[in-house]
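Heads up, the thing below is written out as structure tokens.
Readers should treat all values here as calculations from the given coordinates under stated rules, not as data from a laboratory. In this text the structure is predicted, and so the values were computed from the model without any measurement. Neighbour counts are summed over all protein chains in view; Cβ atoms, including those assigned to glycine, are modelled from backbone coordinates with ideal geometry.
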Ligand SMILES: [Zn+2]
């Protein structure tokens, strides 16, 4: 994909450094202007939205943000079934060329989305703002261990990008390299590769961090020198943070990103909770009837990427559970929220229509069966399976205790199955899901 001019990205980035300190109202006003532009574009050039955005316009064609709650949310299924109708017939010049991205399908059928170049530009500037919050040293290498196509970033060399990482437009003296390694590399080899890079930042999924910590736990001489770990793609738990601190001698900086939408939010240096990159994303929190949750009530993240001109995603509902928080003590006017454990986790669906994101409190209860790695899967409308790795033999009484936890948490009759494994397989995407629903997708 052709890169947008560096000077334009630099100017956009400088703007973000300012606007984060604006009042929440002023930031919302910027969002509304961008939303109007996107909505007008979608209505005119995207068949799917021809009438769907009517609540946002008066009879005379004036934009009316007051109708926002009346706009029907867009589901994953809508996107899967309406790819052609969601494609824009025409693009504004600043959008740049569109490119196709696809989710891995690790939580169901993949979703294909067209994204335009300007979305890549806002994503990188949002990431850099987050890195600036945490005082990243751009002279260190940035080492990404993620899924890459076979042959692209294989051990022992990996792949070195031609451009530098992060704030590429700043011409930083001694700016460090940006290097990739494929995530299927055995953990010991990953650590050897990281040690060869010297002190660096690591970018990977939380589940891979567990594997690295396990390997270092067995052989401390493998400890890499990390300035920090930039996590993405899965929920970061206190357990991950403790392993990063105690075993890898570093800390986690968490970002909230999705393939379809881009870089949504980053961890605040003061609160440790998420700040939305509100100049490029709108976030609504909706309950299961798609009513707004307001501050303090958990609901599904519903995202509108404000530059999604090639395939507008307007009120796109995700399975991640979030809660809006009161304004942050750091003084930034950006919306402040917490991801409460629903992220990347499938919801369990029961025959009576109940949908829930269960929490079996595994940081406390994994010990009942000695589980060091685990996954809960819904395998039938009334059947739940625990897959786990444990180095000890598990007695019938241990299973009974775990079964008890499940029944008390769900408060409904279910059959609990147990499967002890030698190692925990990853999804095709290289990610791990603590909770996964394996029932066919609802129609
Ligand atoms: Zn903050």
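Taking every DSSP bridge with both residues inside region 135-256, close to 10 percent are antiparallel.
Between region 297-369 and region 72-99, what is the C-alpha centre distance in whole Å? So the two Cα centres are separated by 23 Å.
Take every pair of alpha-carbon atoms less than 8 Å apart whose residues are at least six positions apart; their mean separation over the length of region 82-200 yields a relative contact order of 23 percent. Can you say what percent of the DSSP beta bridges in region 348-437, counting only those with both residues inside, are antiparallel? Round to 5. Percentage antiparallel, nearest 5: 50. Set against the 2.2 N^0.38 Å expectation for a compact globular protein, the chain has a Cα radius of gyration ratio of 1.01. Computed over the chain, relative contact order equals 15 percent, with contacts defined as Cα pairs under 8 Å that lie 6+ residues apart. Over region 348-437, Cα pairs under 8 Å with separation of 6+ residues give a relative contact order of 34 percent. Packing-based ranking of 365-374, 66-75 yields 365-374, 66-75, ordered from highest to lowest mean Cβ neighbour count within 10 Å.
Over the chain, DSSP H runs of length four or greater, each weighted -39,500 (n - 2.57), average out per residue to a 222 nm ellipticity of -8000 deg cm²/dmol. Classify region 99-168: rounded, prolate or oblate, from the alpha-carbon gyration tensor (a ≥ b ≥ c, eigenvalue square roots; a/c under 1.5 rounded; otherwise prolate if a/b is larger than b/c)? In terms of gyration-tensor shape, oblate.
I'd like the antiparallel share, as a percent to the nearest 5, of DSSP beta bridges with both residues in the chain. Around 60 percent antiparallel, to the nearest 5. If you take the Cα centroid of region 48-67 and the Cα centroid of region 112-168, the two points sit 38 Å apart. Compute the Cα gyration tensor for region 174-257, then decide on rounded, prolate or oblate, letting a ≥ b ≥ c be the square roots of its eigenvalues: rounded whenever a/c is under 1.5, prolate when a/b is larger than b/c in the other cases, and oblate in all that remain. Note, shape of region 174-257 comes out rounded. Of the candidates 338, 160, 204, which one comes out as most mobile in a Gaussian network treatment of the chain with C-alpha springs shorter than 10 Å? In this elastic network of the chain, the residue with the biggest mean-square fluctuation among 338, 160, 204 is 160. Springs between alpha-carbon pairs under 10 angstrom, Gaussian network model over the chain: which of 220, 92, 269 fluctuates most? Residue with maximal mean-square fluctuation among 220, 92, 269: 92.
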